[in-house]
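First the structure, in the form of structure tokens, and then the observations on it.
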């Protein structure tokens, strides 16, 4: 069977001011092929895909669709060329059903017939193996179901070329398997699929070819069957990297935090945390696993004093004086001063903890300005700290005086995590610290968390990648719908066991090690 080229990029270049996002990139995707795009943060992956999908227009170069040059100036132009992009942040109307979202914005001749449209959409779902209730409202759906709606939406519009940005970021192992089965069915139907992802094990499992970008330039394309994680990593960063997380044994464990019957109810009266009980120990990394929105955020923010519990206790064993203190009675500032630190990396990294218009030094001072004496604040300490974080975490920035808003998302994240680690905490809660980071930066963070563990810090790590949780953590607390469904030994459990616990709704047996 002859190979037919679906999309070809020739010498694509895109700049933003003095920043070169893509430089002379050449890329080819065939019909019935899954291509993964790899690259470190800031390597130009998303910019390149945004040019294919009509969000940006190249400064230089050509795009060919089915052998003919295409002029793509808008997402509508991209749809006309049968190109659809599924972004990380879904563009859906919560109060509409799946079917209503899928047809939203399409022109219909004559009177609109939702029943007819729903029947046509169902045919697409059956053809590729999508499992979705088309009459269900978006606000009732899981992340996986919302993603399904987005994919079906572009297929319903006739897309033959699909671009998926980090499609497995917040899915369970079972949901990832379902998605991959669907993608394989689409490949059999001669669809061309481009995936942007950081998960190398998934790249090797699902793709036919892998193309690598580095600092905006095209490095090369390899057949997945001839690649492994070491080869791909070296292409991404230009040097060999050790991809092993060194998990040391837990020495002299002591209960640092004791969470007892924690219950939190939202303003709307929804029970978000339901009788949560577990212990976080010094010199240990305790993982928190769960489907997005299962109560992870509320759990950590309750410990940090940012949310008021309905009942329950948070007992902190103070290593400095041996006293037991109930954090529930304390303010967020008092909790921080005891050494309990929260580094939460939300999707909007500037939405929590950092001020975008302030430079890195001033963002360091946000944590210590109360210690300033007199009218003038002392800047030497925060400046030294800023430079230390820039150096040790390889933050890409012109200087410590650069506004945080001008940094890439990954570099903002390093500043956010580095600032909390630099405070020498006794309990460090790191939520999604590697969300969206490239592999090199991710391993820097993992090593930092391990260093904290070896210093006797109780580390609580909320992550999305189960492979990393299994490799990095000592124990894993699995949370499902606000309840603890299990506590497992990370050294002996499996991804499948955790995946099942993540979808439990009745609070499972605890197997605490």
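The values are calculated or read from the model by the stated rules, or taken from the named source; none is laboratory data. Model, not experiment: these values are computed from the prediction. Neighbour counts are summed over all protein chains in view; Cβ atoms, including those assigned to glycine, are modelled from backbone coordinates with ideal geometry.
Right, residue 164: part of a helix (DSSP H, G or I), modelled with pLDDT of 85 or more and touching a strand residue (DSSP E or B) at 6+ places or on another chain (Cβ under 7 Å) or not?
When the stated conditions are applied, residue 164 does not pass them.
Go through the range 409-430 and count every residue that is surrounded by fewer than 20 Cβ atoms within 10 Å (Cβ to Cβ) and at pLDDT below 75.
Going through the range 409-430 one residue at a time, the tally reaches 1.
Kindly indicate whether residue 346 is loosely packed, with under 15 Cβ neighbours inside 10 Å, at pLDDT 75 or above and in a loop (DSSP other than H, G, I, E, B).
On the way: loosely packed, with under 15 Cβ neighbours inside 10 Å: yes; at pLDDT 75 or above: no; in a loop (DSSP other than H, G, I, E, B): yes.
Considered against the rule, which asks whether it is loosely packed, with under 15 Cβ neighbours inside 10 Å, at pLDDT 75 or above and in a loop (DSSP other than H, G, I, E, B), residue 346 comes out as no.
Given the condition part of a helix (DSSP H, G or I) and at pLDDT 80 or above, answer yes or no: does some residue in the range 392-405 qualify?
no
If you go through the range 249-266, how many residues are modelled with pLDDT of 80 or more and assigned to a loop (DSSP other than H, G, I, E, B)?
Selection size over the range 249-266: 3.
Somewhere in the range 142-156, is a residue surrounded by fewer than 19 Cβ atoms within 10 Å (Cβ to Cβ), assigned to a loop (DSSP other than H, G, I, E, B) and not assigned by TED's automatic domain parsing to the domain that holds residue 481?
Yes, the range 142-156 has at least one match.
Of all residues in the range 393-408 being more than 15 Å from residue 383 (Cβ to Cβ) and in contact with a helix residue (DSSP H, G or I) (Cβ under 8 Å, 6 or more places away or on another chain), which is surrounded by the most Cβ atoms within 10 Å (Cβ to Cβ)?
The selected residue is 407.
Go through the range 465-500 and report how many residues are out of contact with any strand residue (DSSP E or B) (no Cβ under 9 Å at 6 or more places or on another chain) and closer than 19 Å to residue 298 by Cβ.
0
Take the residues in the range 7-22 that are surrounded by 19 or more Cβ atoms within 10 Å (Cβ to Cβ) and under 27 Å from the mean Cα position of the chain (by Cα); name whichever of them is nearest to residue 71 (Cα to Cα). Explain how you work it out, then say what you get.
First pass over the range 7-22, keeping only residues surrounded by 19 or more Cβ atoms within 10 Å (Cβ to Cβ): 7, 9, 12, 14, 21-22.
Adding the requirement that they be under 27 Å from the mean Cα position of the chain (by Cα) leaves 14, 21-22.
On the way: 14: 15, 21: 20, 22: 18 Å.
Per the criteria, the residue is 14.
Only residues in the range 462-489 that are free of Cβ contacts under 8 Å to residues at least 24 places away in the same chain count as the first member; pair them with residues that are outside any loop (DSSP other than H, G, I, E, B) and surrounded by 24 or more Cβ atoms within 10 Å (Cβ to Cβ), Cβ under 6 angstrom, at least 6 apart or cross-chain, and list the lot.
485/478; 485/501
Of the residues that make up the range 158-171, is at least one in contact with a helix residue (DSSP H, G or I) (Cβ under 7 Å, 6 or more places away or on another chain), surrounded by 17 or more Cβ atoms within 10 Å (Cβ to Cβ) and either in the same structural domain as residue 309 (by TED's automatic domain parsing) or farther than 28 Å from residue 497 by Cα (or both)?
Among the residues of the range 158-171, at least one is in contact with a helix residue (DSSP H, G or I) (Cβ under 7 Å, 6 or more places away or on another chain), surrounded by 17 or more Cβ atoms within 10 Å (Cβ to Cβ) and either in the same structural domain as residue 309 (by TED's automatic domain parsing) or farther than 28 Å from residue 497 by Cα (or both), which makes the answer yes.
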